[in-house]
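Input: a single structure, listed below in structure tokens.
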Amino acid sequence: MAIASSVKPVERSSGQDVGFALGIVFVLTVLFLPLPAWMIDLGLAFSIALSVLILMVALWIQKPLDFSAFPTVLLLATLLRLSLNIATTRLILSNGAEGYEAAGHVIAGFANFVMSGDFVIGTIVFVILITVNFLVITKGATRIAEVGARFTLDAIPGKQMAIDADLNGGLIDDKEATRRRRELEEESAFFGSMDGASKFVRGDAIAGLIITAVNIFGGIIIGVTRHDMSPAAAADVFTKLSVGDGLVTQIPALIVSLAAGLLVSKGGTRGSAEKAIFGQLGNYPRALLLAGSVMFLLAVAPGLPFLPFALLGGALAFVAYLVPRRRAEAKAVEDAKAREAADIAADEVRQSVKESLKTAEIELCLGKQISSAFVRSHNELTQRVGKMRRHFAKQYGFIVPEIKLTDDLGIPPKTYQIKIHGTVVASEELRIGDVLVVTGDGPRPDVPGDEAREPAFGMKAMWVSEAFINNVKREGFAPVDNMSVLLTHMREVIRNNLAQLLSYKDMRTLVDRLEPEYKRLIEEMIPSQLSHSGLQAVLKLLLAERISIRNLHLVLEAIAEVAPHVRRAEQLAEHVRTRMAQQICGDLSENGVLKVLRLGNRWDLAFHQSLKRDAKGEVVEFDIDPRLIEQFGVEAAKVVRTHMDQGNQFVLVAAPDVRPYVRMVTERLFATLPVLSHVEIARGVQIKSLGTIS
């Protein structure tokens, strides 16, 4: 049982191999055994059909290796023609005296049709076919096959090394490398076989010529000596039969020779023959147009017929006009497919897990009703957002990230959310169909409405129906539509988060845009005195208090002054603020006047006493009683809110050493309130005091 189980089972044959072997044996028997005329007719018809099939396959294959069985097919087709040629020779010499039908109807038909009843015409046509096949097609195909085989074999080592290099470099896997090696082996074997197979075609042409000559002279001798025919009658009958037999044999041989020439001349051209030929001949409209012009000139030349040249010229001109249009249409289709593929790829990326890990730096989420209300004005929203980003770039010196607009069904329908790095930093509700009227501490408009707070600055306001817009305007108020409310709120949120939005990439981009002199200044400081991340930290501290970095070269000069002695980003930022006092005061002034609110002696002393210093006098800790912070917050809120409700733009002024800590306390109550030190007020600035916090 063990022995029986180890024996490999024999594959069952489908019967094709047996039938093929019997067919080869039958072709060989034709060389020796006589055949009746009807079987000769069937064999000749089959030979013609096989040659036409070979030609059609050679025309439609994409590359020569797709017809790798051609050498074997060529050998079998040649053997079939030679065996039929011998069988017809036997019939012609045996039964030629009986008339033109002695060798079958196919030979008689070719003799009458091609030769038109005159064996001289048939002989000339036969000699021409032999010449075309032997001297033109076969000789050229043989030479191409020889050169192709030589160059293919010489290129094998280089191609193998290229496959190994791609495999070692990880460009292809083992399966692809195996496939390429197998294809290389098949290619070398194919061109080597074609070099030898072309000799079959050449020998077939020579054999056809010899057999025809033997049939003619042998038939005449047999007819005169054996059948008592006159030399003229014998020459007429046997020449027609022999030449007819030669034509029936040489026409399939010529077709197969043409197929072999097409196959070996195809070379590295991919695609079927008609695509390769017409695609390359018709690929140059100017050449077609010039050829058409030459045809038109020949059409009007004296002594030449007008119609054929004019028709050809018109056809070439039409094709020259049609080719660019077809190219444009094909390019449009390809572009559409490319865009569709890109969209599909983008959708797949968006839906992928990796994409879900990415968060937008700035995102505006709209509720269902707000999104529906903004559908018609989507273009306006996009334009105003773009304008806002350009304003930020001009005002603060760097481009804020793109704002991603999304619809979120998970939030209330009338609510919008503003997210920074995926975190909700602001959320408000809009009243669809209403407008917002900012009133502050002043009088209210005499129309019905609901009290509210303006989301950007927290000022007193009220929602009023759009039906009362004209009444509100007559009373001197300026109603604000929902889109303006949303964008104003977003603008202030972005201002409050400028430090978070300045990425390391943005900082490097700003540095790369500097002039060469300032790039050398950075090279002197970095990395010996400061790192790139340290420079980013200084810029973040400035932006956190809405100090513009548009004059980056001034910032770098100020940092360079103290960088050898100071390393902390906070100390560097304070020094930069002092050096940029003119810009800071200019940005915060209103009509050239800087309105200030002073800290007051009591709170100035309290903050000073809370600073803990080391032996060098540097502040190391801020320690203040939490009750004092609460009390300061209450008093500061009362004074600051009063001036804010009056619409004043002002700053809070404190001593230089306590300024950062005053800002730290006030920013949680009033994020938009600037806090300056006395040394940050530039010379020549007109100051208007609004009071003190005390």
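The values are calculated or read from the model by the stated rules, or taken from the named source; none is laboratory data. Because the structure is a prediction, the values reported are computed rather than measured. A quick note on method: Cβ atoms are made from the backbone with ideal geometry, for glycine too, and the neighbour counts reach across all protein chains shown.
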If you go through region 331-373 one residue at a time, how many are of a type outside the set (Lys, Arg) and at pLDDT below 80?
12
Test each condition in (1) touching a residue at least 60 places away in the same chain (Cβ under 8 Å); (2) surrounded by 15 or more Cβ atoms within 10 Å (Cβ to Cβ); (3) more than 18 Å from Ile370 (Cα to Cα) for Ala426 and report the one that comes out false.
(3)
Per the filter on region 37-47, residues surrounded by fewer than 17 Cβ atoms within 10 Å (Cβ to Cβ) and either among the aliphatic types (A, V, I, L, M) or out of contact with any helix residue (DSSP H, G or I) (no Cβ under 9 Å at 6 or more places or on another chain) (or both) are Met39, Leu42, Ala45
Identify, from the list Glu380, Glu402, the residue that is closer than 19 Å to Asn497 by Cα and not β-branched (Val, Ile, Thr).
Glu402
Please pick out the residue among Leu307, Leu316, Leu241, Leu254 that is surrounded by fewer than 18 Cβ atoms within 10 Å (Cβ to Cβ), modelled with pLDDT of 75 or more and in a helix (DSSP H, G or I).
Leu307
For region 433-470, name all the residues that are aromatic (Phe, Trp, Tyr) and either part of a strand (DSSP E or B) or in contact with a Gly (Cβ under 6 Å, 6 or more places away or on another chain) (or both).
Trp463
Quick check on Lys387: is it part of a helix (DSSP H, G or I) and modelled with pLDDT of 85 or more?
yes
Aliphatic (A, V, I, L, M) and in contact with a helix residue (DSSP H, G or I) (Cβ under 8 Å, 6 or more places away or on another chain): does that describe Ala232?
no
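Can you name the residue in region 446-461 that is under 53 Å from the mean Cα position of the chain (by Cα) and buried (at least 16 other Cβ atoms within 10 Å of the Cβ) and, of all such residues, is nearest to Glu475 (Cα to Cα)?
So, considering only residues that are under 53 Å from the mean Cα position of the chain (by Cα) and buried (at least 16 other Cβ atoms within 10 Å of the Cβ), the one nearest to Glu475 (Cα to Cα) is Ala461.
Search region 671-681 for residues being part of a loop (DSSP other than H, G, I, E, B) and touching a strand residue (DSSP E or B) at 6+ places or on another chain (Cβ under 9 Å), and hand back the single one that is farthest from Met580 (Cα to Cα). Before the answer, list the steps.
Our first condition is that a residue be part of a loop (DSSP other than H, G, I, E, B); within region 671-681, this holds for 671-674, 681.
Then keep just the ones that are touching a strand residue (DSSP E or B) at 6+ places or on another chain (Cβ under 9 Å); that gives 673-674, 681.
Numbers: Leu673: 18, Pro674: 15, Ile681: 10 Å.
Result: Leu673.
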Looking only at residues in region 510-557 that are assigned to a helix (DSSP H, G or I) and touching a residue at least 60 places away in the same chain (Cβ under 8 Å), which one is nearest to Met580 (Cα to Cα)?
Leu552
Give, as residue ranges, the strands (runs of 3 or more DSSP E) completely inside region 581-667 that count at least 2 residues that are modelled with pLDDT of 85 or more and not charged (D, E, K, R).
593-598, 650-654
Right, Met525: outside the structural domain of Gln571 (by TED's automatic domain parsing) and buried (at least 16 other Cβ atoms within 10 Å of the Cβ) or not?
no
Please count how many residues of region 434-445 are modelled with pLDDT of 85 or more and either at positive phi or surrounded by fewer than 15 Cβ atoms within 10 Å (Cβ to Cβ) (or both).
0
